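One structure is given here, and the rest of the page talks about it.
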Amino acid sequence: MKVLACYSLKGGVGKTTTSVCLAHISATLGFRTLLFDLDTQGSATWLLRTKRSSGNGLTKAAKGASKGEKKARSQIVGSDYDNLDLLPYGIETIDLDLQLSSMKRPEQGASRILGLAEGDYDLVVVDLPPSAGNLAQSVLKESDRVIFVMTPSMLSIHALVEAKDRIPTVAKQKTSVLFTMVQERRKTDLAAIELVESENNHVLSTKIVKSTLFDRMQEKRAPIALSAPNSKASHDYHALFEEVSKMLDLDKLR
Ligand SMILES: Nc1ncnc2c1ncn2[C@@H]1O[C@H](COP(=O)(O)OP(=O)(O)OP(=O)(O)O)[C@@H](O)[C@H]1O
Ligand SMILES: [Mg+2]
């Protein structure tokens, strides 16, 4: 099982869109996939037409309590798509940050909750909130790969610099930068990408186009590969999955 975290310190850059689209494509390609919604906004849960769970046992599971683990596992639900399950956001997700902060080794708590999926899935995609708290930091530490999602803007670059400074995992090799909402004809977009590439960051060669089709994805509450199947937007996410699955060696898990 491999764990892929979608993260950024900055809000609204496409983390949830990326998590949902990648998880869906992974599932359509036959990988047993779990989308783990760890953002209290519950956007990924909503996009997959699922309700938040009342209490998902995660805080207890983080402490290693077997009752909590059982409860959390029982909250995993199927989706409208074959091979794609979801651990929805629950009221308790709000307390998880506090719970991990109270632990001597928060990463052990993160490892326990990610371990809930062990054995049943090939890929776990985690949608994280734009936060530098213990939950985000420890999940990043325990993930196999991190996609740092950003737009080609100076504010996003500032968020990357801050994150690298404050969150050790973001500065590590397992983190790759993904540019979303890219307009290839815009000189300022290209300049921002070049700047990040020139500063010792691993930038994914796939870039995600800026497109109003992502509004349609929300209207239809369906991943881009379904809501706009023949679009450049959908093509970009397929290419991204190819690139990331190679880095994760996913084919070996089949
Ligand atoms: N490539 C894109 N082109 C245009 N709009 C996009 C693109 N990707 C995402 N969006 C839109 O941008 C908005 C924010 O996207 P999303 O919710 O995925 O970001 P986020 O980083 O998860 O936000 P948050 O930090 O609040 O969790 C949404 O309205 C989404 O439809
Ligand atoms: Mg989000």
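3J(HN,Hα) along the range 117-129: 8, 4, x, 9, 9, 8, 9, 10, 9, 10, 9, 9, x Hz, from the Karplus curve 6.51 cos²θ - 1.76 cosθ + 1.60 with θ = phi - 60°, whole Hz, x for Gly and Pro.
Between Arg216, Arg112, Arg186, the Gaussian network model of the chain with springs among Cα atoms under 10 angstrom shows the greatest mean-square fluctuation at Arg186. Considering only alpha-carbon pairs that sit under 8 angstrom and 6 or more positions apart, the relative contact order computed for the range 72-162 is 23 percent. Enter the mean projected area of the convex hull around the alpha-carbon atoms of the range 177-237, in nm², rounded to one decimal. Its Cα hull, projected and averaged over all orientations, spans 4.3 nm². Quick one: in the chain, what % of C-alpha pairs are over 34 Å apart? Value for the chain: 11 percent of Cα pairs lie more than 34 Å apart. The mean sequence separation of alpha-carbon pairs under 8 Å and at least six residues apart, normalised by the residue count of the range 1-114, gives a relative contact order of 28 percent. Spatially close Lys pairs in the range 1-98, defined by Cα atoms under 26 Å apart and a spacing of eight or more places or different chains, total 18.
For the chain, the residue among Ala117, Leu4, Ile25 whose Cα projects farthest onto the positive side of the dipole built from Cβ charges is Ala117. Say each of Lys187 and Lys232 gets a label point 7 Å from the Cα, pointing the same way as Cα to Cβ; how far apart are those two points in nm? About 2.0 nm separates the two model spin labels. Could you tell me which of rounded, prolate or oblate describes the range 96-160, using a ≥ b ≥ c as the square roots of the eigenvalues of the alpha-carbon gyration tensor, with rounded for a/c under 1.5 and, failing that, prolate when a/b is larger than b/c and oblate otherwise? The shape class here is oblate. Normalising the average separation of contacting C-alpha pairs (under 8 angstrom, six or more residues apart) by the number of residues puts the relative contact order of the range 183-254 at 25 percent. Between Asp82 and Gln218, take the C-beta separation as r, use R0 = 25 Å, and let me know the FRET efficiency to the nearest 0.05. After rounding to 0.05, the efficiency reads 0.65.
Throughout, read-outs are computed from the coordinates displayed, never taken from laboratory work. Bear in mind that the values here come from a model prediction, so they are computed numbers and not experimental data. So basically every Cβ, Gly included, is an ideal-geometry build from the backbone, and we count neighbours across all protein chains shown.
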